[in-house]
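Colleague: Encoded as structure tokens, here's the structure I'll be asking about.
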Amino acid sequence: MSDAQDPNATTEFPPATAEMWRGLVDAVLKGAPFAKLESRTHGGLTIEPLYPRDAAASAIAGRAPGAPWTVMQRLDHPDPAAANAQAIEDLQNGATGLVLVLAGSVSANGFGLDPTAETLKRALDGVQLDAGIAIDLNLSPATRHAAREFAALVKIRGLDPAKVDLRASINPVGGFAAAGRSAKSWKDNSQQDLANDFAAKVGALAGEGFRGPFAVADGRIVHNAGGSEAQELAFAVASAVAYLRALEAGGMTLSAARDAVYFRLSADADQFLTMAKFRAVRKLWARIEQACGLAPQPALVTAETAWRTMTRRDAYVNMLRNTIAVAAAGLGGADAITVLPHTAPLGLPDGFARRIARNTQLVLLEESSLARVADPAAGSGALEAITEQMCHAAWSAFQEIESTGGVWAALERGLIQDKIAAVRAERETALARRTDILAGTNEYPNLHELVPAVLDATPVKAPQESAAIITAAALPRIRLAEPFEALRDASDQILARTGTRPRIFLATLGKLADYGARENFARNFFEAGGIEAVNREDAASDLGAAFKASGAALACLCGSDRAYDSEGETAAAALKSAGARHIYLAGRPGAREAALRAAGVQSFVYAGGDALATLRAAYDILN
């Protein structure tokens, strides 16, 4: 019998062990530290190269097994009639929930609904609010009264509030963190402080018969500001604990207070960190429940795709980022997901962008069946380890917040803002050096892209809260692509003014096999900043003449190390004589740097270098 026929043939191979693998790895490393194979997140988590299965792990209780998450769709058109038409279309085509984005809220992007009874009535005309449709409000400090207006609408329609799935999104801590100002202090032991006001608002909705939840612990504010996953979790949990205390002090039982709180987190294209984050929030909240003497119950956890990783340039790539984010949040156990349409950074999304946002979820639910398995990450060595590590980091950050007097006090003192700023600086450095990639922006740019259409809608003025008496540093809402986009904007302005973009001449040396890789690198490098790369049409043509014919003011040598040794100095001198205002060389110069500089090379561009600083300096040269 041959091995192919023998069912026991595989028993002839010894079982693979971690020790055997480590021995092979050490042989390849040749004395280099094993840590070379580990990676670090911007939040300081360690990612190992290989993990064994975690056989002792169990599934984290969350969304009911086999139950789909709620497909949420944003209503943010300032015209309530247009918003109503969008709502009807979305609900008829697969959406199972609506996010009412009020003007001035964290994710309004300059648009949003006016927080009046008339607007809500018109925008929700024909929407059967008691038919199992989830309604999630996105409020700002100045529009918190919209929850009351919605409750009044339910009463006017004669509906049973208990049959209306309202998530009221009351979030004074998040509003303070995002705005950096508040008309009231959180707790000053008066009946007028914000904690009492918050408890009264929640109590009123509960008293009218709504099931809730009513108060949201919103981690998006930290994610939008560039914070780490652990910082986002710590802020959300600390906010939720502040709400528990306020509601209990306002007379609500601790069990009812727990049920009144839900979570909202950002989901981005880092699939494993996003999955781990959505798993971790449930573990952290269960620990809080146990500390309160409550039997843990699965919290409602909602997701929104990340704003900070969206781009205006090559906006279609946002579809890919959103798809990964939705898959990760869904696999991580999110109960509801909202997708920011791919054109959101460009303006108010049109019907096509909204349809793509909705159908991204429907395809993953109905065709890929991603919701069929409860906590599919359970037992995965990597995801279990990352989840646990993230929990420890978040709990430590939460304890630090608590030690300052709670989340509000930590915001007033700037503790949270300073910690987030440090992580944001890491991210910005990684983007500038292109060790973190935003496809279509700092890598693989397309200077000839077609810009997607958006609706012709005028941004609205956000309602403002009354004069602030409490101030703190506001957490910024950023997109990581913005510095590179500013360079592309400058390129567009030059194109509009002169008819051509700023150009750099790629002076290729040798054969294609010699210069191809560095030519591609240089093209991506400079075009990420809007500087168009051009080549000489005839590789055998005179280099100086080809440079003059290109219309470029800058030049970059592209070749192999051997070509630089034999031709680099001559080529640099020829470009200098031809009038190049600045000469770059693609690659690290090594021992030849002094000679190359003497011949005319002024800058070196290479992987890991500060591309953003180099590109900004190029515009200074061109100006």
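Colleague: Name the pairs: first residue in region 598-619 and polar (S, T, N, Q), second residue assigned to a strand (DSSP E or B) and surrounded by fewer than 16 Cβ atoms within 10 Å (Cβ to Cβ), Cβ to Cβ under 9 Å, at least 6 apart or on different chains?
Modeller: No pair meets every condition.
Colleague: So which of Leu346, Leu383, Leu365 is surrounded by 23 or more Cβ atoms within 10 Å (Cβ to Cβ) and either within 22 Å of the chain's Cα centre (by Cα) or free of Cβ contacts under 8 Å to residues at least 60 places away in the same chain (or both)?
Modeller: The match here is Leu383.
Colleague: Among all residue pairs at least 6 apart or on different chains, which show Cβ distances below 8 Å where the first residue, located in region 19-44, is farther than 30 Å from Ala225 by Cα and the second is loosely packed, with under 11 Cβ neighbours inside 10 Å and among the basic types (Lys, Arg)?
Modeller: Here the result reads Leu29/Lys36, each pair linking region 19-44 to a residue that is loosely packed, with under 11 Cβ neighbours inside 10 Å and among the basic types (Lys, Arg).
Colleague: Related question: Quick check on region 415-450: of everything there that is β-branched (Val, Ile, Thr) and under 18 Å from Thr614 (Cα atoms), which residue is nearest to the chain's Cα centre (by Cα)?
Modeller: Ile437
Colleague: In region 248-258, what count of residues is obtained for those that are in a helix (DSSP H, G or I) and buried (at least 19 other Cβ atoms within 10 Å of the Cβ)?
Modeller: 2
Colleague: A further question on this structure: Restricting the first residue to region 479-498 and requiring it to be touching a residue at least 24 places away in the same chain (Cβ under 8 Å), which pairs with a second residue that is of a type in the set (Phe, Trp, Tyr) meet a Cβ separation below 8 Å and a spacing of at least six or different chains?
Modeller: Arg479/Trp307; Leu487/Tyr619; Ala490/Tyr619
Colleague: Only one residue in Gly94, Gly104 is more than 23 Å from the chain's Cα centre (by Cα), closer than 22 Å to Leu455 by Cβ, part of a loop (DSSP other than H, G, I, E, B) and assigned by TED's automatic domain parsing to the domain that holds Ala371, so which one is that?
Modeller: Selected residue: Gly94, the only one of Gly94, Gly104 that is more than 23 Å from the chain's Cα centre (by Cα), closer than 22 Å to Leu455 by Cβ, part of a loop (DSSP other than H, G, I, E, B) and assigned by TED's automatic domain parsing to the domain that holds Ala371.
Colleague: From the list Ala422, Ala453, Ala468, pick out the single residue that is under 27 Å from Phe176 (Cα atoms) and surrounded by fewer than 16 Cβ atoms within 10 Å (Cβ to Cβ).
Modeller: Result: Ala422 is the single residue among Ala422, Ala453, Ala468 that is under 27 Å from Phe176 (Cα atoms) and surrounded by fewer than 16 Cβ atoms within 10 Å (Cβ to Cβ).
Colleague: Is there any pair linking a residue in region 126-137 that is within 10 Å of Ala87 (Cβ to Cβ) to one that is acidic (Asp, Glu) and part of a loop (DSSP other than H, G, I, E, B), with Cβ under 9 Å and at least six apart or on different chains, and which?
Modeller: Note: pairs meeting the criteria are Ile133/Asp165.
Colleague: How many residues does region 146-196 hold that are more than 32 Å from the chain's Cα centre (by Cα), free of Cβ contacts under 8 Å to residues at least 40 places away in the same chain and within 18 Å of Ala257 (Cα to Cα)?
Modeller: Summing the residues that are more than 32 Å from the chain's Cα centre (by Cα), free of Cβ contacts under 8 Å to residues at least 40 places away in the same chain and within 18 Å of Ala257 (Cα to Cα) in region 146-196 gives 0.
Residues checked against (1) among the small types (Gly, Ala, Ser); (2) part of a helix (DSSP H, G or I); (3) not assigned by TED's automatic domain parsing to the domain that holds Leu300:
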| site | (1), (2), (3) |
| --- | --- |
| Asp314 | no, no, no |
| Met319 | no, yes, no |
| Ala327 | yes, yes, no |
| Ala334 | yes, no, no |
| Ile337 | no, no, no |
| Pro341 | no, no, no |
| Phe352 | no, yes, no |
| Ile356 | no, yes, no |
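Colleague: Ser466 fails exactly one of the following numbered conditions: (1) closer than 30 Å to Leu194 by Cα; (2) assigned to a helix (DSSP H, G or I); (3) hydroxyl-bearing (Ser, Thr, Tyr). What is the number of that condition?
Modeller: Just one mismatch for Ser466, condition (2).
Colleague: How many residues are outside any helix (DSSP H, G or I) and among the hydrophobic types (A, V, I, L, M, F, W, C) when one looks only at region 484-541?
Modeller: Number satisfying all stated conditions: 11.
Colleague: Taking only pairs six or more apart or across chains, which ones have beta-carbon atoms under 6 Å, a first residue in region 572-589 that is within 9 Å of Ala555 (Cα to Cα) and in the same structural domain as Leu543 (by TED's automatic domain parsing), and a second residue that is of a type in the set (Phe, Trp, Tyr) and surrounded by fewer than 20 Cβ atoms within 10 Å (Cβ to Cβ)?
Modeller: Leu585/Phe604
Colleague: I would also like to ask the following. For the structure I just gave you, tell me whether Ala217 is of a type in the set (A, V, I, L, M, F, W, C) and in a helix (DSSP H, G or I).
Modeller: no
Colleague: Which of the residues that make up region 512-562 are closer than 25 Å to Asp314 by Cα and among the aromatic types (Phe, Trp, Tyr)?
Modeller: Correct list: Phe521, Phe525, Phe526.
Colleague: In addition: Can you find even one residue in region 21-32 that is modelled with pLDDT of 90 or more, loosely packed, with under 12 Cβ neighbours inside 10 Å and either hydroxyl-bearing (Ser, Thr, Tyr) or touching a Lys or Arg at 6+ places or on another chain (Cβ under 9 Å) (or both)?
Modeller: No.
Colleague: Can you go through Glu449, Glu465, Glu443 and tell me which one is touching a Ser or Thr at 6+ places or on another chain (Cβ under 8 Å) and acidic (Asp, Glu)?
Modeller: Among Glu449, Glu465, Glu443, only Glu465 is touching a Ser or Thr at 6+ places or on another chain (Cβ under 8 Å) and acidic (Asp, Glu).
Colleague: Further question: Considering region 574-611 alone, what residues qualify as being among the hydroxyl-bearing types (Ser, Thr, Tyr) and either surrounded by fewer than 19 Cβ atoms within 10 Å (Cβ to Cβ) or in contact with a Gly (Cβ under 7 Å, 6 or more places away or on another chain) (or both)?
Modeller: Ser577, Ser603, Tyr606
Colleague: Right, something else. Please count how many residues of region 92-106 are in contact (Cβ under 8 Å) with a residue 40 or more places away in the chain and surrounded by fewer than 20 Cβ atoms within 10 Å (Cβ to Cβ).
Modeller: Number of matching residues: 2.
Colleague: Can you name the condition, by its number, that Gln399 falls short on among (1) out of contact with any Ser or Thr (no Cβ under 6 Å at 6 or more places or on another chain); (2) touching a residue at least 40 places away in the same chain (Cβ under 8 Å); (3) in the same structural domain as Arg282 (by TED's automatic domain parsing)?
Modeller: (2)
The values are calculated or read from the model by the stated rules, or taken from the named source; none is laboratory data. For clarity, every value in this text was computed on a predicted model and none was experimentally measured. Because the Cβ atoms are built from the backbone with ideal geometry, glycine has one as well, and the counts that use them run over all protein chains shown.
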